[in-house]
1. From the P(r) of chain B, can you give the percent of Cα pairs sitting at distances over 23 Å?
2. With +1 on each Lys and Arg Cβ and -1 on each Asp and Glu Cβ, and nothing else charged, work out how big the dipole of region A:138-242 is about its Cα centre, in Debye to the nearest 20.
3. At 1.4 Å probe size, with every protein chain present, just tell me what the per residue accessible area of the protein assembly as shown comes to in Å².
4. So what are the three principal axis dimensions of the protein assembly as shown from its Cα atoms, in whole Å, longest to shortest?
5. How many Å³ per residue does the convex hull of the Cα positions in region B:1-121 occupy?
6. Using the Kirkwood formula over every pair of different C-alpha atoms, what hydrodynamic radius in Å results for region B:118-197?
7. Which entries of A:LYS215/B:LYS174; B:LYS162/B:LYS193; A:LYS202/B:LYS174 show an alpha-carbon separation above 32 angstrom in the structure shown?
8. Give me the inter-chain shielding for A:191-200: mean count of other chain Cβ atoms within 10 Å, whole number please.
Amino acid sequence: MTSLLTQPRPIRLKGRSFLALALTPEHPFEDWLAQLDHLASRSTNFFRRRPLVLDVTGLEIDRSQLRELLDKLGERNVRIMGIEGARPSLLGPDMPPPMADGRPASDIEAPAEDERVEAKTPEKAAPPSPPPPKTSPSMLVTEPVRSGQALFFPEGDVTVVGSVASGAEIIAGGSVHIYGTLRGRVMAGTMGNGSARIFCSKLEAELVAIDGYYKTAEDLERDLRGKAVQFWLEGDTFKVGSLA
Amino acid sequence: MGKVIVVTSGKGGVGKTTSSAALGAALARNGEKVVVVDFDVGLRNLDLIMGAERRVVYDLINVIQGEAKLAQALIRDKRLETLYLLPASQTRDKDNLTAEGVETVIAALKQSFDWVICDSPAGIERGATLAMRHADVAIVVTNPEVSSVRDSDRIIGLLDSKTLMAEQGERMEKHLLLTRYDPARAERGDMLKVDDVLEILSIPLLGIVPESMDVLRASNVGSPVTLSDERSAPAIAYFDAARRLRGELLPVTIPGEKRGFFGKLFGRKAA
């Protein structure tokens, strides 16, 4: 127990991307569900154990309708791991979490009636093709990041022109630049990028992490508080330096 | 069309209800029609602060559920005839507040009042999010201490994401009302300084209300401080805040910073 406390073994937080199927419901939902039933009847295992995302972008739907749709999908053993394109007001705490920034992959073919083709479908369904490179690998935030807000940008760098409040969180695949006071938590290089850095013009952070290595406010040298600093990794060591 | 103001804070006990009543009375003193709506269903307080607890017949929930007309539930203040109160229910719970019901009531109030002040419950749950949902302006009530400031920051985040204005891509006007400010403690460094709070929250300052026995006394006699003791320091702060809400440009004085300011106040009270 004591060794556990005195020798900090950092918990490594890493991002992962997976391929999921996106279901796009259409009005009227009865007809759409009937079609889904038809598809499922041709291949009973098609939706089982497959990660599914419900895409409601641009769909006219309210919260109770969405809940009903989720229930009806649940009755059909279709489990939804996330909802894409939903307004925050649509989602309740008991619903799957919102998902954003999905990249389109090749379409997955619905199972054909021929059993032999059906047997092949699983291989087809999960092509390990790498996602196409994004053209905008950076995110610019010109507002202060408030307590309770979490920015997740696995694609690249995040720049904040303003402060990051205590209780706010930024998770970036690349480096994080804060032109203001950093009072919250920042995790850079979460997709396994050890060369990512964290910059801030005034350090009051709760936690900083690069590629899974982290330091809490307590571990940070006291004389760096309130200063402009940068953090980087040299091998397995966390480095801090003044920017002045 | 009236303006809808939400008075919110996240943290409890910072002075939302006191401020709602005091600002409501200060605005109504000018002859503008003001209604203060209590959203704290199940833990209503506003009727006590405004001294109307013995005149409550119907409440917000009755109106939302169609059991009473809006006009039946509104209580007119005995001292100011342009000041009204829409009380919350003490017996029902927050689940009776529906988004559609609140929308209908607020829309109706906007038609006949110049100012609709929504006194939000503490927390970030249903009652609080519905109170802020239809607002045009938000007043974030904060005490100069770290937990209150952090909760206010969280609320500002919600104001920028969960309100109707935010969902329509507009920016809500937000003001900071710093309450229970104690100049002596601030001088000793026991309290966050005004500049620190402003730096963290980065929204414009509506006013600084000093910690005062006058506020407590006013609550106990069931009268907003701006009515019971209008020459007291907190009442003056609320009157100034009300003028700033109307759009007047008025410099904010930090209590205690200018000795002359405070000396004058004490001098006047002694006289």
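The values are calculated or read from the model by the stated rules, or taken from the named source; none is laboratory data. Since we're looking at a predicted model, the values are computed, not measured. Ideal geometry is used to build each Cβ from the backbone, glycine not excepted, and the neighbour counts take in all protein chains shown. Only protein heavy atoms, including side chains, enter the accessible area calculation; ligands, DNA and RNA are left aside. Shrake-Rupley method; radii C 1.70, N 1.55, O 1.52, S 1.80 Å.
1. Values: 17907 of 36585 pairs.
In whole percent, the share of Cα-Cα pairs in chain B beyond 23 Å is 49.
2. It works out to roughly 300 debye.
3. Ligands and nucleic acids excluded, the result is 52 Å² per residue.
4. For the protein assembly as shown, the Cα extents along the three principal axes come out at 96, 63, 45 Å.
5. 95
6. 13.5
7. A:LYS215/B:LYS174
8. 0
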